[in-house]
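Structure record follows, encoded as structure tokens.
Every read-out reported here was derived from the displayed coordinates using simple, explicitly stated rules and does not represent laboratory data. Since the structure is predicted, the reported quantities are computational estimates derived from the model, not experimental observations.
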Amino acid sequence: MAWGYEMTIKLKEKDTESCMWAIDMMSNLARYTYKTEKFFEPYQYVKGNGTSLHIGSDSLITALLLVNDAEAEPQISVYSKTEFIQLVGITESELQAVIQDKNNIFKLIELMKADGNTDLVTDMRRSKSYL
């Protein structure tokens, strides 16, 4: 049986229009996966270019952390098993800490959850870094 990952992201937004940038971003990540045949896995990171992931906004969120989505249960069919990877927006300083030491991924997740973000929702208005 084959298996694969699907991407999810949880956003702290009030309306659908404010989420459209994330659909474009996920489409670009899917296109990258299709063209390169390189697949994303939990506990990896995706570097941005140092500017906000939401083009045109002033957000400190510049990169992504990939984690297992705790809410979306794996799906099993006769064809494959699908698990869900959640994209979590992180700041440039958090990205640099993760690049320096991959163990900081787990520390970052713990700190975000301890601060009340138990579902690891990406808040493009977040103004602090945890690392």
Cross-link pairs K47/K102; K12/K38; K81/K107; K12/K113 - those with Cα-Cα distance over 19 Å:
K12/K38; K81/K107
Segment 95-109 - phi-based ³J(HN,Hα) in whole Hz, Karplus 6.51/-1.76/1.60, Gly and Pro as x:
4, 4, 5, 5, 4, 5, 8, 4, 5, 5, 4, 5, 5, 4, 4
Labelled set (i) 41, 32, 27; (ii) 48, 34, 24; (iii) 45, 33, 29; Cα extents along the principal axes in Å computed from this model equals the value at (iii)
Taking the chain as a Gaussian network, where each spring joins two C-alpha atoms under 10 Å apart, which residue of L53, L65, L11 fluctuates the most?
L11
